[in-house]
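Data first, discussion second: the structure below is written as structure tokens.
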Amino acid sequence: MAQNGVLKYARVVAKQARGRPGWLENILWHVTSYFVTNITMILLWFFFFVLNRVTVIGREFVGGEPNTLLLSNHQSMIDSIPLGIAAFYPKSWIKPWLVPWHPAARENFFKNRLIAWYATHTRCIPVKPGRRDVHAIHKMIEVLPNGSIILFPEGTRSRSGDVGTGRPGAGLVALATHPQIIPVAIDGMQDILPIGEKRPKIGQRIYIRFGAPVDYSELIDEPRTKETAQALVDKVMVAIREQHEEIRQMRLARKKKKKKKKKKKKT
């Protein structure tokens, strides 16, 4: 029984997407990526969960199997960091396929060799300016079946913090790979790293709400077109908006409690 478990584990690890073309280079890339990412997560966990305050709801919906796609609203250029930590850390030490891949703007994360090396080994997929990058979509389709990906269907950060309209790209990836899709709402990241700022702030409160897997079975047998992909994304965005509204209500309730406490202290 234990032997079967070990063999199954080895097969899943061996199926991980290729990071480099040659077999030796690929093995070295995976080993380096594993340690670079997980050690980075320790440091970033301290930043987000200690220097800032993160409330995570619904983590049990994520699970620990490959072919998991997290679709989230987008507020800052570092959203994928707390999402990845909240969803998969520290399980990623034991299950390396849970170290998520995620898109990263080529102009920000691949602008010199050092940053590009780090971004590549923390599983960033470069996306060209304009975001219509067919190569990036093909890479996502390659890595998702044996791993996990965090994507932002809006394609751009929200300046207001509200949830915008999703684009079909994430739907095309899902229709090609049939993953478990987890809708995610995040709020508060616009306070940590607002658009235009370069230094993240501390002492902020972030909420992350994972939802139940989205059932899109009625779309699987439909033609794999832009319209079908958009219909899938629209369905996920409804769930994300509902979860985001729940977070906003939690914030309001928290503010009301604080006001009540202050009034009691005064009296």
(message) Out of the residues in the range 194-240 meeting the condition of being touching a strand residue (DSSP E or B) at 6+ places or on another chain (Cβ under 8 Å) and of a type in the set (Lys, Arg), tell me which one is nearest to SER80 (Cα to Cα).
(response) ARG209
(request) Out of the residues in the range 144-174 that are over 14 Å from the mean Cα position of the chain (by Cα) and aliphatic (A, V, I, L, M), state the one that is nearest to PRO82 (Cα to Cα). (result) VAL163
(request) State yes or no: is HIS135 touching a Pro at 6+ places or on another chain (Cβ under 9 Å), of a type outside the set (A, V, I, L, M) and either crowded, with 16+ Cβ neighbours inside 10 Å or closer than 23 Å to ILE186 by Cβ (or both)? (result) no
(request) Look at ALA136 and say whether it is modelled with pLDDT of 95 or more and in a helix (DSSP H, G or I). (result) no
(request) Take the residues in the range 149-200 that are basic (Lys, Arg) and touching a residue at least 24 places away in the same chain (Cβ under 8 Å), then tell me which one is nearest to VAL99 (Cα to Cα). (result) ARG157
(message) If ASP162 satisfies all but one of (1) assigned to a loop (DSSP other than H, G, I, E, B); (2) farther than 15 Å from GLN75 by Cβ; (3) of a type in the set (D, E, K, R), what's the number of the condition it fails?
(response) (2)
(message) I need the full set of residues from the range 1-57 which are of a type in the set (A, V, I, L, M), at pLDDT 75 or above and surrounded by fewer than 16 Cβ atoms within 10 Å (Cβ to Cβ), in order please.
(response) LEU24, ILE27, LEU28, VAL31, ILE39, ILE42, LEU43, VAL50, LEU51
(message) GLU245 - would you say it is within 20 Å of ASN73 (Cα to Cα), charged (D, E, K, R) and either without any contact (Cβ under 8 Å) to a residue 24 or more places away in the chain or touching a helix residue (DSSP H, G or I) at 6+ places or on another chain (Cβ under 7 Å) (or both)?
(response) yes
(request) With the condition kept exactly as written, say whether any residue in the range 174-182 is closer than 18 Å to THR156 by Cβ, out of contact with any Cys (no Cβ under 7 Å at 6 or more places or on another chain), of a type outside the set (S, T, N, Q) and at pLDDT 95 or above. (result) no
(request) Give the residue that is farthest from the chain's Cα centre (by Cα), with candidates limited to residues of the range 190-226 that are outside any loop (DSSP other than H, G, I, E, B) and exposed (fewer than 12 other Cβ atoms within 10 Å of the Cβ). (result) GLU218
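With in contact with a helix residue (DSSP H, G or I) (Cβ under 6 Å, 6 or more places away or on another chain), charged (D, E, K, R) and modelled with pLDDT of 95 or more as the only criterion, which of ASP187, ASP234 stands out? Full working, then the answer.
Working: ASP234 fails: in contact with a helix residue (DSSP H, G or I) (Cβ under 6 Å, 6 or more places away or on another chain).
The unique qualifying residue is ASP187.
The values are calculated or read from the model by the stated rules, or taken from the named source; none is laboratory data. All figures in this text were calculated on a predicted structure; none of them were measured in a lab. Using ideal geometry, Cβ is built from the backbone for each residue, glycine included, and neighbour counts are taken over all protein chains shown.
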